[in-house]
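Down below is the structure, laid out as structure tokens.
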Amino acid sequence: MSKKNWQESYLCLHPKSALKKLEQPFVYHMGGDELYEIDERAQDFLLRCNGELRGKELTTDSDFVEYCLEEGILEAHEQPAPRSVAVDYGLKPSLRYLELHLLHKCNLNCRHCYLGSLQPIEMPVEDAVNITRQFSENGGLRLLISGGEPLLYKDLKSYLEQTQGLKIRRVLFTNGILINSKNISWLDVDEIQFSLDGWEKGHEHLRGRGTFESTLQGIHMANAAGIPISISTMIHRHNMNEFDRLRDFIEKINAVEWGVDVMCISGSLIKNPDLTVPYETAARYLNYAFGGGYHGSSEGFACGRHLMTVLPDNQAVKCGFYADRPLGDARKNLKHCWLNMNHIPLDQLECKGCAVLEECRGGCRFRAPHPFAPDPAMCAFYDISR
């Protein structure tokens, strides 16, 4: 767009962009899952981009406006296009990522599932909507809709309809088997993350015969519907020779992210220890991963600095591995639950003197032998990376 065009056009914040005041001001683009740090001056300018004023009435900063237009932060219209613009104020520290377990029920019985024996608990849809709204109102960014298998949630369509328009990116976690021509039309989410734990042999060793082709069908259906796709893969003894083929497939479908992780001994995996791989062997497969991820640490603290999970009984926990350590009832006050979280500073870890601590940030606290110990998987990864 030329300088003259934006100056004469009515500027408004893109409907997929939101102003978030977290530890500092940001613009979050929900469609692209991009977080842009800005200053107070830029925030004040973007607040005035409500579609009622021409660009020339708002600023003379051509570089910034053209950058915002290029990134999809702003839109330019020939006629007034009034739109309400506000700032969502976050908590301190900011709760950016919320994993919402709608139910424990699942259509599979995976040999490595960290949840173990699944319980017949399902979150009432009014509670799910309430918690989601609280998350959005407190500066949340990325909502991870999980389970169990969320496509078994009887009120999923209603839940998605009632949370449409909130200033968050909604990501559906699924095994993909239940996606079909009927529900794909109302799966109004910003991203679907599929569990794909190898090619046919490796995937079905964990998830059962016939699951691989069904998952691929779900992936192709989502792709055809134009829904961004991400993939999650666990490293195990029966998929290590399949990663190159997985990589080629993931590139072909233009996945936005590939999360690769090492198993934690929990749930069903306790009964299937033969699936695990020595950390020194598994470490090199972590290099296949790409994309942002969501559960990392930051600002001098270990993992989970910006993440919390809510279970189907409305209890908030650090993450799904900490189901036995509730932080409170999220339906009553999500903020209170978050402020009950214990965040571990990096300088309290046993490995605080490690040369790669700022990059590693201690790894997973659950996988570590105790809360202040090093994560052996990350130790192995950085050892082979140096």
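Is the C-alpha gyration tensor of the stretch 257-337 telling us rounded, prolate or oblate? Criteria: a/c under 1.5 is rounded; beyond that, a/b larger than b/c is prolate, otherwise oblate. List each step's numbers first, then the result.
On the way: a/c = 2.69, a/b = 1.50, b/c = 1.79.
Here the stretch 257-337 falls in the oblate category.
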Where the centroid of each part is defined by its Cα atoms, how far is the stretch 27-77 from the stretch 115-161 in Å? 32 Å
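For the stretch 97-344, calculate the relative contact order in percent as a whole number, restricting contacts to Cα pairs under 8 Å that are 6 or more residues apart.
Numbers: 480 pairs, mean separation 54.5, N = 248.
Answer for the stretch 97-344 is 22 percent.
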Which Cys residues of the chain have no other Cys Cβ less than 4.7 Å away and so no disulfide-compatible partner by this rule? Cys12, Cys49, Cys68, Cys106, Cys264, Cys303, Cys319, Cys337, Cys360, Cys364, Cys379
GluC sites (Glu not before Pro) restricted to the stretch 30-116 and DSSP loop, no more than 12 other C-beta within 10 Å: Glu78
Scan the stretch 195-302 for GluC sites (Glu not before Pro) in coil per DSSP, keeping those whose Cβ has at most 14 other Cβ atoms within 10 Å, and list them by number. Glu299
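Count neighbours as other Cβ atoms within 10 Å of each site's Cβ, and list the trypsin sites (Lys or Arg not before Pro) in the stretch 173-267 that are DSSP loop with at most 11 such neighbours.
When the trypsin sites (Lys or Arg not before Pro) of the stretch 173-267 are filtered for loop state and at most 11 Cβ neighbours within 10 Å, Lys182, Arg209 remain.
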If you project the alpha carbons of the stretch 204-358 onto the principal axes, what extent comes out on each, in Å, largest first? 43, 41, 34
Which label in (1) 34, 29, 22; (2) 36, 24, 22; (3) 32, 28, 18 gives the computed semi-axes √(5λ) of the Cα gyration tensor in Å: (2)
Compute the acute angle (0 to 90°) between the alpha-carbon long axis of helix 211-224 and the principal axis of greatest extent of the alpha-carbon atoms of the chain; round to the nearest 10°. 10 degrees
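What FRET efficiency comes out for the pair Ile265/Lys16, r = Cβ-Cβ distance, R0 = 41 Å, nearest 0.05? Please report the intermediate quantities before stating the final value.
Working: r = 40 Å, r/R0 = 0.97.
My answer for the efficiency is 0.55.
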Return the whole-Å distance between the Cα centroid of the stretch 222-270 and the Cα centroid of the stretch 163-203. 13 Å
Compute the long axis of helix 125-137 from its Cα atoms, compare it with the longest principal axis of the Cα atoms of the chain, and write down the angle in degrees, 0 to 90, nearest 10. 60 degrees
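Every read-out reported here was derived from the displayed coordinates using simple, explicitly stated rules and does not represent laboratory data. Just so it is clear, the structure is predicted and the values come from calculations on it, not from any experiment. All Cβ positions, even for glycine, are placed from backbone atoms using ideal geometry, and neighbour counts span all protein chains on display.
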